[in-house]
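Trainee: Can you read through this structure? Questions will come right after.
Every number in this text was worked out from the coordinates using simple rules, so none of it is lab data. The shown structure was predicted, so the numbers you read here are calculated from the model rather than taken from an experiment. Every residue, glycine as well, gets a Cβ built from its backbone with ideal geometry; the counts of neighbours run over all protein chains shown.
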Amino acid sequence: MGLMGWFRNGETAVEQPTEGEERAQANVQTPLDGLSEILGAEATSEGVTMKEALSLPGVWAAINFLSAAMAGLPVEVYERTAKKGGDKRVLGGIADVVGQAVNDTTTSFVWRETLFAEVFGPGRGYSYLERNKQGRVINIFPMEYDRVTVRKTGGKLFYDYREGNGRTKTYPATDVIDIAFLLKANHVNHYNPVQTCAAAIRQGLNANRYALTVFGKNGVPPYILKGAFQGAKEMIRAASDLMKVTRRSAEEGKPILPVPGGMDLQRLGDDPEKMQLTPVQIFAVGQVARIYQLPPVFLQELSKGNYNNIEHQDLHLVKHTLRRWVKKFEQELTLKIFGRGSKRYIKLNLDGIMRGDLKTRIEALSKAVQNGILTPNEAREVDNREAKPGGDSLMIQGATVPIRLAGAAFNKNAPSPDGDPPPHDGATAPEDPET
């Protein structure tokens with residue numbers, strides 16, 4: 001059985017419910033119990049703490065990438081109007097709070113990055129909304145995950161927050177932004193992605209531990225001991241004794257290694273490919289990518305990435321990963337800040353993350369302007385360029401003139417844009433002096 005088989009064999013995640021939250025245990029049972037002793041590893045039947053999970057590069061990269069991606073999206077406030085597609089953008093006030101600085105000491109980016117780091121880590125992020133006497137939100141303050149207890153009383157949610165001085169404050173659900181990775185049916189508890197998928201994360205941690213055992217300080221490459229053994233226990237004991245002798249020889253710098261008579265010691269080599277370290281590491285990254293629904297290229301796993309499919313993985317990221325969190329964040333902020341039935345709503349702009357390279361973006365904007373989809377000033381606004389006089393009219397291809405002038409430019413019998421009738425039959429149109 002190879003190393004991949006050892007890590008995959010017999011893994012199960014067992015939930016043990018406790019008060020409030022649940023902790024998943026990674027129980028790995030393998031017939032090669034002696035292998036852990038040979039490699040110097042500890043028992044593998046243990047849970048995964050948040051600190052341990054973050055030490056795995058794949059988990060760290062996933063949480064860091066997703067939280068930064070959500071924090072980097074522009075936040076805008078709109079107000080619905082009777083005109084379809086003509087919603088009015090709101091500037092100042094609450095738009096500055098959610099888009100610029102949520103309070104006097106915290107920017108919107110830092111707040112959202114911290115909030116989503118807790119969503120993708122322990123599984124839930126909280127923030128308190130401070131309102132003025134008129135009920136308008138003037139500040140947003142982060143709430144530490146470990147200090148919050150969610151409870152339901154009379155069908156309504158309440159959040160008990162334990163402050164540093166030991167006092168506990170209770171906030172109604174209308175004043176708390178609550179984003180969960182995945183809520184349970186009671187809407188009080190939630191699933192912790194790290195604890196729920198502890199077995200998969202433990203695989204990666206075990207792979208790193210194995211690599212450190214082999215390639216750490218005074219690391220000794222693995223060997224195969226061949227000889228006549230009477231039983232499995234005797235073989236494991238002999239291999240363990242030989243490993244101790246090998247390590248001692250390496251530490252003392254002895255060039256000669258004694259081998260018992262009738263036995264042969266063969267070195268497997270320290271090639272990561274032969275030891276299956278590379279496949280195990282790639283497999284661990286793939287497991288983390290599945291947990292967070294991320295294309296592996298965003299975890300810097302490029303073994304199957306190329307210029308042709310990476311662009312499609314960008315689209316996959318927006319359509320199947322970010323869109324879910326964007327919609328959840330938008331609706332939570334809209335409900336908690338403005339209330340039900342409000343004409344105002346929060347919107348995260350995904351255009352920035354889908355811009356692509358400069359050449360592709362300019363070509364797309366040019367086609368949009370030339371086909372009457374965007375005005376020149378609207379296209380300039382995409383790249384944060386100032387508006388220009390005369391740039392608010394829709395254009396079409398040809399002479400690239402305003403749509404209202406297109407008929408007059410190409411049809412001499414068409415009415416003029418000023419409403420003058422066309423020339424009567426038999427009337428001679430004035431000749432073009434240029435012809």
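Trainee: Need the full-extension length gain, Ile373 to Phe141, defined as separation in residues times 0.36 nm minus the C-alpha distance. One decimal, nm.
Mentor: Contour length minus the Cα-Cα distance gives 79.4 nm.
Trainee: Another question, if that's okay. Structure shown: which of Lys152/Lys336; Lys133/Lys327; Lys343/Lys388; Lys51/Lys327; Lys347/Lys388 lie over 21 Å apart, alpha-carbon to alpha-carbon?
Mentor: Pairs exceeding 21 Å: Lys133/Lys327; Lys343/Lys388; Lys51/Lys327; Lys347/Lys388.
Trainee: Here's a follow-up. Going by amide H atoms built from the backbone, whose H comes under 5 Å of the H on Leu394, apart from near neighbours?
Mentor: Ile403
Trainee: Taking the beta-carbon count within 10 Å as an exposure proxy, list Ser108, Ser127 from fewest neighbours to most.
Mentor: By the 10 Å Cβ count, ascending: Ser108, Ser127.
Trainee: In nm, what is the difference between 0.36 nm times the number of residues separating Lys88 and Gln397 and their Cα-Cα distance?
Mentor: The Lys88-Gln397 span can extend by a further 108.3 nm.
Trainee: How far apart, in nanometres, would the label points at Lys169 and Ser55 be if each is projected 7 angstrom from Cα along the Cα-to-Cβ direction?
Mentor: 3.6
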